[in-house]
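The values are calculated or read from the model by the stated rules, or taken from the named source; none is laboratory data. Since the model is a prediction, treat every value here as computed from it, not as a measurement. Cβ: placed from backbone, ideal geometry, glycine included. Neighbour counts: every protein chain shown. When the accessible area is computed, the model is the full protein with side chains, heavy atoms only, and any ligands, DNA or RNA have been set aside. Shrake-Rupley method; radii C 1.70, N 1.55, O 1.52, S 1.80 Å.
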Amino acid sequence: MKLSTYLTCLILLFIVGCKEELKPITIYMIGDSTMANKSSKRAPETGWGQVFNQLVTEKATVSNHAVNGRSSRSFLGEDRWQPVLDSLQEGDYVFIQFGHNDQKEDSARHTTLDEYKEFLVKYITETKKKKANPILLTSVMRRRFDENGQFFDTHGGYPQVVREVAKEQNVPLIDLHKMTEELIVAAGEENSKKIFLILTKGESQNYPNGVDDNTHFSRYGATEVAKLTAESIKEQDLPLADYLKE
């Protein structure tokens, strides 16, 4: 056997061996309804975090704690963060995606941009203290087109805060805000309806009168967003990529 061939074999054996020795981890998700698991009574509405487990290997477990209607403030205020924090083990991951409900005006959920930043930093800092890995995600886009068929954003300054915090805190960023805008715009005003929970009368027994929801995802839309998340992890060559299926 030639030396070069022998060395190649050794390298391949080393790579395979490393993958087999990956430590089992849990990927925790905290966020709002666009990420959350949905009951069968709400089908075909699907949170993208609900299907992300299909994209990971057997070495990773997805624990989705996202809840409908929660903001970075109310998730903490309702004591939903502490059980996640208590469960974190070294090497685990926390996906942090808020913003949709931080815009809401009620005092239980609303955050100013400065408060939003403070809450995000708190989640990051406490995750790091447990030697786990925080990953920030910007809000997914709502489907909005004006009377001229031009797409427009409704999230104000919240996504930019996430980008700034990711940079300042030196944590990975998955910019779903940008990627889902590209997904919607590429599909166009009409074809993008299939990404969301938009059904005609009689199309689903769970929505006998139909539904026109331009915020929450269909099964197809949730799957596409989960794929975008996985693609971003791979493109950034994050260590978590080793836990994703080929």
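I'd like the full set of residues that are open to solvent by 50 Å² or more (accessible area, probe 1.4 Å) and either hydrophobic (A, V, I, L, M, F, W, C) or more than 29 Å from Pro24 (Cα to Cα) (or both), limited to segment 133-145. Arg144, the sole residue that qualifies.
Would you pick out the residues in segment 229-245 that are in contact (Cβ under 8 Å) with a residue 12 or more places away in the chain, open to solvent by less than 30 Å² (accessible area, probe 1.4 Å) and within 23 Å of Ala36 (Cα to Cα)? Scanning segment 229-245 gives Thr229, Ala230, Ser232, Ile233, Leu240, Tyr243, Leu244.
Please verify whether Thr154 is assigned to a helix (DSSP H, G or I) and of a type outside the set (D, E, K, R), treating the condition exactly as stated. No; evaluated as a whole, the condition is false for this residue. Lys104 falls short on exactly one of the conditions (1) part of a loop (DSSP other than H, G, I, E, B); (2) among the basic types (Lys, Arg); (3) open to solvent by less than 70 Å² (accessible area, probe 1.4 Å), and that condition is (3). For segment 152-171, a residue qualifies if it is open to solvent by 40 Å² or more (accessible area, probe 1.4 Å) and more than 17 Å from Gly99 (Cα to Cα), and the qualifying residues are Lys167, Glu168, Gln169, Asn170. Of the residues making up segment 175-206, those that are touching an Asp or Glu at 6+ places or on another chain (Cβ under 9 Å) and more than 26 Å from Pro159 (Cβ to Cβ) are Leu199, Asn206.
On the basis of being closer than 30 Å to Thr125 by Cβ, touching a helix residue (DSSP H, G or I) at 6+ places or on another chain (Cβ under 8 Å) and at pLDDT 95 or above, does Ser232 make the cut? Spelling it out, Ser232 is indeed closer than 30 Å to Thr125 by Cβ, touching a helix residue (DSSP H, G or I) at 6+ places or on another chain (Cβ under 8 Å) and at pLDDT 95 or above. With a requirement of 1 or more residues that are of a type outside the set (Val, Ile, Thr) and surrounded by fewer than 20 Cβ atoms within 10 Å (Cβ to Cβ), the helices (runs of 4 or more DSSP H) lying completely within segment 34-96 that satisfy it span 72-77, 81-87. Applying a threshold of 7 Å to beta carbon distances and a minimum spacing of six or more residues, or different chains, the list of pairs starting in segment 106-134 at a residue that is free of Cβ contacts under 8 Å to residues at least 12 places away in the same chain and ending at one that is open to solvent by less than 40 Å² (accessible area, probe 1.4 Å) reads Lys128/Pro134. If you go through segment 186-216, how many residues are open to solvent by less than 80 Å² (accessible area, probe 1.4 Å), of a type outside the set (Val, Ile, Thr) and not in a strand (DSSP E or B)? Number satisfying all stated conditions: 8.
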